[in-house]
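Report on the following structure.
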Amino acid sequence: MEDKNRDESLGKAIVGVSWVFLALKFIVIITLILIVILHFIGAPLWLAPIIAVVLLGVYKLILMLVAKFAVWSAKQ
């Protein structure tokens with residue numbers, strides 16, 4: 001039983017670290033794309049990382065809603 005708890009906590013830690021790396025890569029890539037777009041339209045470039053973080057939040061919200069829908073539909 002102790003091995004199962006240890007394995008489970010190790011798995012949660014790995015998933016957490018993976019999520020942080022995914023979030024950082026997402027923010028950096030979207031920021032670079034937005035810097036180019038904002039430069040061409042003449043908007044302030046400091047908006048790019050803010051928009052990237054908001055888009056990450058929207059992405060996470062969509063994933064959470066899809067997961068809730070999957071759980072709900074499985075109960076039906």
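Values computed for the structure shown
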read-out	value
Pick from region 1-46, criterion in contact with a Leu (Cβ under 7 Å, 6 or more places away or on another chain) and part of a helix (DSSP H, G or I), ranking: most open to solvent (accessible area, probe 1.4 Å)	H39
Where a residue in region 41-64 is farther than 15 Å from I29 by Cβ and its partner, wherever it lies, is in a helix (DSSP H, G or I) and open to solvent by 70 Å² or more (accessible area, probe 1.4 Å), with Cβ under 7 Å and at least six apart	L45/H39
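The values are calculated or read from the model by the stated rules, or taken from the named source; none is laboratory data. Here the structure is a predicted model, which is why all the values come from computation and not from measurement. Please note: Cβ atoms are built from the backbone with ideal geometry, for glycine as well, and neighbour counts cover all protein chains shown. Side chains included, ligands, DNA and RNA excluded: accessible areas come from the protein's heavy atoms. Shrake-Rupley method; radii C 1.70, N 1.55, O 1.52, S 1.80 Å.
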